[in-house]
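Student: What follows is a single structure, and I will ask about it in a moment.
The values are calculated or read from the model by the stated rules, or taken from the named source; none is laboratory data. Just so we're clear, the structure is a prediction, and the values are computed from it rather than from any experiment. So basically every Cβ, Gly included, is an ideal-geometry build from the backbone, and we count neighbours across all protein chains shown. For the accessible areas, the whole protein counts, side chains as well, though only heavy atoms, and no ligand, DNA or RNA atoms are used. Shrake-Rupley method; radii C 1.70, N 1.55, O 1.52, S 1.80 Å.
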Amino acid sequence: MIIAQISDTHIALDTPDSDRRIRDFEATIADINALDPAPDVIVHTGDIVHNGRRDEYAQSVATLAKATAPVYVMVGNKDDRSNLREAFSPSGYLAPDCDFIDYAIDDFPVRLLALDTKARDSNKGDFCRERFSRLTGMIDADASRPIAVFTHHPPFDVMVGPEQLNFESRSIMCELRTALRHSGRIVAVFSGHVHRGTAGHVEHIPATVMPSIATTLRKGEYPDHLKARPIYHIHRFDPAWGFSTQSRIVDEQP
Ligand SMILES: [Fe+2]
């Protein structure tokens, strides 16, 4: 099973780098479409757009419509739940009447759980008791397969960069970590938000963070010839070894 993870495209239509962000997104989808073997699924781990606006989502929907693999999107702190839901509801996997945008994808050898860690009033992550019980309910719904979990905010301390803790409090992040340890069947956690590639863990569960697709917002040191080339993650699952993650540099753009 092959998963292409993309994140933090931050599509905006009225910033000096708006065109660049759109081009980064388009080039990434074109690169994923050219992968051989092709991925089974593409997961966008949030901050699809920068201001939560309908026109930004329309632009993002148009870009993602070019993907040949099935696409699933998640909510990040910059997203607007209702505008995101409206834009992506034709895909059929988003529950129409729910406070949160979380769901399970059951079509593959590994179950994929997409979580909602958006907070009401801040860019940091939140994970309330309702989301805790929703997650444990999704985990318990099928005990037959391993699980990979996708979160916008990474549920571990990021030891590089200025923001070590990416949740509103340490106790909130610990609630999520407790839920992730609930079954023993979660084999990987994949996140975004911090705009730089890094890795950590939730007890024994490996956890990775991918850089932002938007190259103008990407954190970390890159040589000049890579500064305009988006980087995304390809997660390959082997039943004996679990997931291995490759950072893929998008092919040179014309
Ligand atoms: Fe974010």
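Student: Within region 158-173, can one find any residue that is under 24 Å from Asp79 (Cβ atoms), open to solvent by 20 Å² or more (accessible area, probe 1.4 Å) and in contact with a helix residue (DSSP H, G or I) (Cβ under 9 Å, 6 or more places away or on another chain)?
Tutor: yes
Student: Still on this structure: Among Phe150, Phe127, which is among the hydrophobic types (A, V, I, L, M, F, W, C), part of a strand (DSSP E or B), under 14 Å from Leu180 (Cα atoms) and out of contact with any Lys or Arg (no Cβ under 7 Å at 6 or more places or on another chain)?
Tutor: On the way: Phe127 fails: part of a strand (DSSP E or B).
Exactly one residue qualifies, and that residue is Phe150.
Student: Here are some conditions: (1) of a type outside the set (Asp, Glu); (2) without any contact (Cβ under 8 Å) to a residue 60 or more places away in the chain; (3) part of a loop (DSSP other than H, G, I, E, B); (4) within 16 Å of the ligand (Cβ to nearest atom). Pro37 meets all but one. Which one does it not meet?
Tutor: (4)
Student: Okay, next question. Filter region 182-197 for residues that are away from the ligand (no atom under 14 Å from the Cβ), at pLDDT 95 or above and open to solvent by 30 Å² or more (accessible area, probe 1.4 Å); which is nearest to the chain's Cα centre (by Cα)?
Tutor: Across region 182-197, the extreme among qualifying residues is Gly197.
Student: Something else: Could you grab the pairs with beta carbons closer than 6 Å, sequence gap of 6+ or different chains, first residue in region 149-170 and within 23 Å of Ala114 (Cβ to Cβ), second one away from the ligand (no atom under 12 Å from the Cβ) and in a loop (DSSP other than H, G, I, E, B)?
Tutor: Thr151/Leu115; Asp157/Gln164; Val158/Gln164; Glu168/Asp126
Student: Under the condition of being acidic (Asp, Glu) and modelled with pLDDT of 95 or more, which residue from region 222-254 is farthest from Val43 (Cα to Cα)?
Tutor: The initial filter retains those residues of region 222-254 that are acidic (Asp, Glu), namely 224, 238, 251-252.
When the remaining residues are screened for being modelled with pLDDT of 95 or more, the result is 224, 238.
Values: Asp224: 28, Asp238: 19 Å.
Among those residues, the one meeting the criterion is Asp224.
Student: Scan region 185-211 for residues that are in a loop (DSSP other than H, G, I, E, B) and more than 22 Å from His10 (Cβ to Cβ) and jot them down. Step through it out loud before you land on a result.
Tutor: Within region 185-211, the first condition is being in a loop (DSSP other than H, G, I, E, B), and the residues that meet it are 185, 192-197, 203-204, 210-211.
Answer for region 185-211, where residues must be in a loop (DSSP other than H, G, I, E, B) and more than 22 Å from His10 (Cβ to Cβ): Arg185, Glu203, His204.
Student: Going by the structure shown, is Phe132 in contact with a helix residue (DSSP H, G or I) (Cβ under 7 Å, 6 or more places away or on another chain) and surrounded by 15 or more Cβ atoms within 10 Å (Cβ to Cβ)?
Tutor: Values: in contact with a helix residue (DSSP H, G or I) (Cβ under 7 Å, 6 or more places away or on another chain): yes; surrounded by 15 or more Cβ atoms within 10 Å (Cβ to Cβ): yes.
The answer is yes for Phe132.
Student: Another one. Quick check: is even one residue across region 107-116 in contact (Cβ under 8 Å) with a residue 12 or more places away in the chain, of a type outside the set (A, V, I, L, M), open to solvent by less than 20 Å² (accessible area, probe 1.4 Å) and in contact with a helix residue (DSSP H, G or I) (Cβ under 7 Å, 6 or more places away or on another chain)?
Tutor: yes
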